[in-house]
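J.: Before we start, here is the structure in question, set down as structure tokens.
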Amino acid sequence: MTHPIDLDAAWAAFDARDRSADGRFVVAVRTTRIYCKPSCPARRPKRENVEMLGDGPAARAAGYRACLRCRPDDGARDAEAVARAVELLGEATEPTPLAVLAERVGYAPHHFQRLFTRALGVSPAAYARGLRAERATAALNREGSVTEAIYEAGYSGPSGFYAQAAPRLGMTPARARAGGAGTSIGWVVVGTSLGPLLVAATERGLCRVAFEETPDALARRYPQAAIAPGGAELAGLAARVIELVERPTAGGADELPIDVRGTAFQEAVWAALKAIPPGETRSYAELAAAAGNRRAVRAAGSACGANPLAVVVPCHRVLRTGGGAGGYAWGVERKQALIERERG
Ligand SMILES: [Zn+2]
């Protein structure tokens, strides 16, 4: 693995004995011919006497020996511990506290948390939450009953199931609207590879599909509606929405019943969005034209932002003129991930 090393940052990390830098590079000392990991407790040599190298093999190839004090090649042991932790989390039926997990693999908790996060990009707790969400989705597809699925996946109950859904950043405020008077809305939160997804429907069709949204937020959006966990029918709809996230090129969005209301122009924009095939994108200007008003480019952008049905109404298929991603109510990273999946 070769990657450029920022020498000033590397020196600063070495000087500070920064453990989070361990594994990113090694520090070779020309005067002693020894190489160390950045956090080595030994006294610091003069900066002009050190050389920053990618890893142990590179240092040995350059004629250095491993420091006996900091054992810079113990990264293999770290990797084994992370792999073992992944195994333990996969077997666990209950949440495993960090202290317990770290002890089982023989590390101090905070050090292990950093190791794990560096290796997998998520903390052990977040990784375990992802596993539970996956199990819930699998159980949901099998069981039909949302509540059973939630318990089967190892959550203590429905509140634990969606407590993990952190408030979304940059969410557009719910527009004031009729509030769903006289309607019943069923909801379920399912796990997807792009995060927890709330799926809600009236008896006529999907009314809300949103990443990282809680049932409480749904209730605020429809203050007059009767809101309750959905049953088998909603589970079936939710399974098809999950397919749109995981296998978008398979299509199927058109067969999903939807029950959404907006202004006439918003509804025209949403219809135009549904007409964009998976794998293709449009500019906001093209979208405005397709919705019947080529001058309403900004309004077309706002209508995308107000889209109540993530993925089902594919507002992620609209890019800025010139190809920039533009905004996305559920996070630009998700938008990019969806576009990449659809392009195969
Ligand atoms: Zn050392």
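J.: Classify segment 17-111 as rounded, prolate or oblate, taking a ≥ b ≥ c as the square roots of the eigenvalues of its Cα gyration tensor: rounded when a/c is under 1.5, otherwise prolate if a/b is larger than b/c and oblate if not.
T.: It comes out prolate by the Cα gyration axes.
J.: To continue, here is another question. Please work out how much accessible surface Ile339 shows to a 1.4 Å probe, ignoring ligands, DNA and RNA, in Å² rounded to 10.
T.: 20 Å²
J.: Considering only protein heavy atoms, what per residue accessible area in square angstrom results for segment 262-344 with a 1.4 angstrom probe?
T.: Counting only protein heavy atoms, the per-residue value for segment 262-344 is 45 Å².
J.: Can you tally the net charge around Ala285? Count Lys and Arg as +1, Asp and Glu as -1, for every other residue whose Cβ sits under 13 Å from the Cβ of Ala285.
T.: +4
J.: Averaged per residue, what accessible surface does segment 7-66 expose to a 1.4 Å probe, in Å²?
T.: 53 Å²
J.: Expected output is a single nm value to one decimal: the length gained when fully extending between Glu246 and Thr32, i.e. 0.36 nm times separation in residues minus the C-alpha distance. What is it?
T.: 71.6 nm
J.: While we're on this one: Could you tell me what percent of the accessible area of segment 7-66 is made up of carbon and sulfur, with a 1.4 Å probe and every protein chain present?
T.: Here carbon and sulfur together make up 51 percent of the probe-accessible area.
J.: Something else now. I need the shape label for segment 243-344. Rule: rounded when a/c is under 1.5, else prolate if a/b > b/c, else oblate, with a, b, c from the alpha carbon gyration tensor.
T.: Oblate is the answer for segment 243-344, as a/c is 1.5 or above yet b/c matches or exceeds a/b.
J.: What does the net charge come to around Trp187 if you take all other residues with beta carbon closer than 12 Å to its beta carbon, with K and R at +1 and D and E at -1?
T.: 0
The values are calculated or read from the model by the stated rules, or taken from the named source; none is laboratory data. Quick caveat: nothing in here was measured; it's all calculated off a predicted structure. Every residue, glycine among them, receives a Cβ derived from its backbone with ideal geometry; neighbour counts consider all protein chains shown. Just so you know, the surface numbers come from the protein's heavy atoms only, side chains and all, with ligands and any DNA or RNA stripped out. Shrake-Rupley method; radii C 1.70, N 1.55, O 1.52, S 1.80 Å.
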